[in-house]
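Following: one structure in structure tokens, then a few remarks.
The values are calculated or read from the model by the stated rules, or taken from the named source; none is laboratory data. Note that the structure is predicted; figures quoted are calculated from it, not measured. As a convention, Cβ positions derive from the backbone with ideal geometry for all residues, glycine included, and neighbour counts pool all protein chains shown. Accessible surface is based on the protein model in full, side chains and every heavy atom, while ligands, DNA and RNA are left aside. Shrake-Rupley method; radii C 1.70, N 1.55, O 1.52, S 1.80 Å.
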Amino acid sequence: MKHQARKRFGQHFLTDTGILTQLTGEIRPLPDDHMVEIGPGLGAMTAWILKHIKHLHVIEIDRDLAERLRTGQWKDRLTVHEMDVLNFDFATLPSPLRVVGNLPYNISSPILFALLPHVDRIVDQHFMLQKEVIDRMVAKPGTSDYGRLSVMLQAYYDMELLFDVPPESFSPPPRVMSAIVRMEPRSKAQRDEVPQTVFSKIVSAAFAQKRKMLRNNWADLVPAEIAEHAGVAMTARAEEVSCEQFIQIAKALQHTI
Ligand code: SAM
């Protein structure tokens with residue numbers, strides 16, 4: 001039976017085999033990899049991945065699509081988790097884990113943040129996202145795309161936009177341009193440098209009002225001498241502060257806030 005795409009679940013199904021070949025070439029799944037796919041839908045990516053891998057975990061919220069996957073041609077090689085990915089506990093999956101998915105665009109940032117606590121167990125993540133979101137993820141300081149998402153993710157991952165995917169590669173076509181991003185966790189030593197709670201607090205505060213100077217956004221939170229020691233003037237704006245500078249400031253503050 002034909003599936004009617006559900007808008008509320010951000011359903012846009014990949015139909016372009018050229019893109020699927022290119023994507024699988026970038027992911028390079030190996031037979032024994034532990035891999036999970038978020039939002040398999042009708043199984044376009046799933047089928048291509050299963051050409052290479054023995055077994056795959058999938059997380060799908062749509063009851064009808066989950067049922068198709070549970071009973072369809074790949075049923076013996078799939079574990080179907082029928083649930084909202086935002087409630088899924090990635091710690092229950094075997095590691096080291098690879099994560100892939102053509103994500104529902106309306107909740108792509110919450111999914112990226114939900115995966116952050118599991119970064120220690122993750123090998124890599126390949127996602128199809130709205131191109132505009134990937135531009136923000138990989139943005140460098142001093143550019144208009146640079147913001148909280150860039151800093152929070154760059155502290156933990158090396159990220160690369162691999163290629164763009166036009167709307168006509170999907171059915172139904174989304175209104176926006178899409179792209180593929182590769183995210184590889186930075187080394188454990190680099191990740192351990194980041195005092196998570198303080199880091200997240202000062203980054204959120206810095207970008208709370210993007211056009212305001214840091215001395216407004218950081219009032220009562222970051223003393224000027226600590227910012228200046230990291231080479232950051234309180235008259236600067238958050239978009240001028242590099243990820244490394246945010247980390248340095250967070251480290252200096254970690255026992256005080
Ligand atoms: N992977 C398929 C493809 O490329 O053709 C479908 C991609 S579609 C953009 C997003 C998929 O994520 C849909 O199958 C949708 O039902 C599923 N989805 C949406 N919200 C979800 C959620 N909160 N948890 C798990 N899956 C979700």
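A search for C-beta distances below 9 Å between a residue of the range 75-92 that is assigned to a helix (DSSP H, G or I) and any residue that is among the acidic types (Asp, Glu), counting only pairs 6+ apart in sequence or on different chains, returns 85/60. Comparison of 204, 171 shows that the only residue that is under 20 Å from residue 117 (Cα atoms) and either open to solvent by 50 Å² or more (accessible area, probe 1.4 Å) or not assigned by TED's automatic domain parsing to the domain that holds residue 42 (or both) is 204. The residue that is nearest to the ligand (Cβ to nearest atom), among those in the range 60-71 that are over 19 Å from residue 97 (Cβ atoms) and open to solvent by less than 30 Å² (accessible area, probe 1.4 Å), is 62.
Counting residues in the range 112-122 that are among the β-branched types (Val, Ile, Thr), in contact with a Pro (Cβ under 8 Å, 6 or more places away or on another chain), in contact (Cβ under 8 Å) with a residue 40 or more places away in the chain and more than 20 Å from residue 237 (Cβ to Cβ) gives one or more.
Of the residues making up the range 35-59, not one is open to solvent by 10 Å² or more (accessible area, probe 1.4 Å), free of Cβ contacts under 8 Å to residues at least 24 places away in the same chain and within 12 Å of the ligand (Cβ to nearest atom). Out of 144, 108, 150, one residue alone is among the polar types (S, T, N, Q), within 30 Å of residue 198 (Cβ to Cβ) and without any contact (Cβ under 8 Å) to a residue 40 or more places away in the chain. It is 108.
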